[in-house]
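The values are calculated or read from the model by the stated rules, or taken from the named source; none is laboratory data. This structure is a prediction, so every number in the text was calculated from the model and none was measured. Cβ atoms come from the backbone with ideal geometry, glycine included; neighbour counts cover every protein chain shown. We work out accessible area using only protein heavy atoms, side chains counted, and drop any ligands, DNA or RNA first. Shrake-Rupley method; radii C 1.70, N 1.55, O 1.52, S 1.80 Å.
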Amino acid sequence: MVGFFKHKKISVSSSFRKMACLLAVLCLGVPWFSGGVEAARADRYFVDYEGNTGYYVDVNSIELPSDHEVVLDLYLVKLHSRYMYRYRAYFDTEERSYEYRNAKVYDYETKKLMSGAEYVQERLSYGRSTMLQEVVEFAVGWKQSHIYKTQYGETWE
């Protein structure tokens, strides 16, 4: 009988050590994972408002595939609404056109995703829309003003 309890105590002890090691490894890994989450967070800048809608651009998402194309994450916040709309937007400055490539709706207060859809909207003209023109000008200006000189020359941020 004494040998039986000794055996159980040893197995519990080794299980405890395994669990403690696993917990230590997981705790050490948390800063790496949380750092990655922080880096992926949106960095929204207010561009302007029109009527009851505020326009924000995530500066981390700005891409300039060519001299006349701008791709970015555009956020619209309605004044008396609890919602924030996020669009992956494509702009062609030569054609003065835009299209939304997907959309997500968030609860503005909690920032929780409520719905989302992957789609490509047909291209629309932003013609005289000064707000969309301001969004494009902000994005291009941001990207051009955030060039850093390194030992290898100028590189994009």
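Here are the numbers for the structure shown:
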read-out: Carbon plus sulfur fraction of accessible area for segment 53-149, probe 1.4 Å, in percent; value: 49
read-out: Solvent-accessible surface ranking, highest first, for THR53, THR93 at 1.4 angstrom; value: THR93, THR53
read-out: For segment 61-149, alpha-carbon Rg over 2.2 N^0.38 Å; value: 1.17
read-out: FRET efficiency, LYS78 to TYR119 (Cβ-Cβ, R0 25 Å, nearest 0.05); value: 0.75
read-out: Whole-Hz couplings from phi, Karplus 6.51/-1.76/1.60, listed for segment 49-63; x for Gly and Pro; value: 10, 9, x, 9, 10, x, 10, 10, 10, 7, 5, 6, 9, 5, 10
read-out: Per-q log10 I(q)/I(0), segment 62-101, q = 0.34 Å⁻¹ (Debye; single scatterer per alpha-carbon; no solvent); value: -1.10
